[in-house]
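What follows draws every value from the coordinates through simple rules; no lab data is involved. The structure displayed is predicted, hence computed values, not measured ones. All Cβ positions, glycine included, derive from the backbone under ideal geometry; neighbour counts span all protein chains shown.
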């Protein structure tokens, strides 16, 4: 990414996104959730709800969550090749 020095992104472990909460149970700070980006799914803990006490069904919000360091919860088929790093 090419940016000016003042616009450089900040390195953080937290993930924040605009969401519409669809679960029947309200989302609260401290709840454990699953985050998915493309094919990778990881566990995370909700750290902040941008000023809201909770998100109920169909509420729009911007929660902030911290992914765990544990392994991905995705599974791959036995025929799929393993990725090397």
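As a rough footprinting exposure proxy, the listed residues 2, 45 were ranked by other beta carbons within 10 Å of their own, and the order from fewest upward is 2, 45. Principal axis analysis of the Cα atoms in the range 12-67 yields extents of 26, 21, 17 Å, listed in decreasing size.
Among 53-64, 18-29, how do they line up from the highest to the lowest mean number of other beta-carbon atoms within 10 Å? Could you put the intermediate results ahead of the total?
On the way: 53-64: 14.7, 18-29: 12.7.
Going by the mean number of other Cβ atoms within 10 Å, highest first, we get 53-64, 18-29.
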